[in-house]
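Chemist: Input: one structure, supplied below.
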């Protein structure tokens, strides 16, 4: 075998080994368990305005299917972490407003028992976890309440390769996405 051909084979083999080394950590990089925090606050200056910096601390969470996400409320305000359809994620103030009053935010509030479906009156929620699909978080409508200053945990059972679009149904400008990846090991 010529030196040139041997060199090409060695370079090709090295490229395959490097590609495999890069691909395996990419799969392993997705944690089995992780945390998402509700952070920020609302401030008001009379006759000047309101500033609301409440948000989830992560825009994107990549996690292995079957893993758990612990939701921590550091804002001391009530929140939900609710899966909605991609088209239901508000991107404008008008869309935030439309989330309430026959939108997904009100649908989720009714599912949690925070709105009486007969009268439309707000009340203390009666159902802290709403699970409309199979067990765990995997479809639009799955939702959990995060009590002020507390934490809760949910299992992600979405199929590998799928994305869950998450909002707080109380503060729908709080949004993030969950990408489910194949379980390693």
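Computed from the coordinates by the stated procedures, all read-outs in this text should not be read as laboratory data. Keep in mind that what you see is a predicted model, and the values were worked out from it rather than measured. We place every Cβ from the backbone using ideal geometry, glycine too, and count neighbours over all the protein chains shown.
Chemist: Treat the count of other C-beta atoms within 10 Å as a stand-in for reagent exposure and order 59, 73 from fewest to most.
Modeler: 59, 73
Chemist: For an R0 of 45 angstrom, estimate the FRET efficiency from the Cβ-Cβ distance between residue 155 and residue 47 and round to the nearest 0.05.
Modeler: So the FRET efficiency works out to roughly 0.45.
Chemist: Which value in nm describes the separation of the simple spin-label points at residue 179 and residue 126, placed 7 Å from the Cα toward the beta carbon?
Modeler: 4.1 nm
Chemist: Please report the relative contact order for the stretch 32-181, taking Cα pairs under 8 Å with a sequence separation of at least 6, and give it as a percent rounded to a whole number.
Modeler: Here the relative contact order equals 32 percent.
Chemist: Treat the count of other C-beta atoms within 10 Å as a stand-in for reagent exposure and order 142, 52 from fewest to most.
Modeler: Listing 142, 52 from fewest to most nearby Cβ atoms yields 52, 142.
Chemist: Applying a 10 Å radius around every beta-carbon, put 128-135, 63-70 in order of their mean neighbour count, most first.
Modeler: Sorting 128-135, 63-70 by mean packing, highest first, produces 63-70, 128-135.
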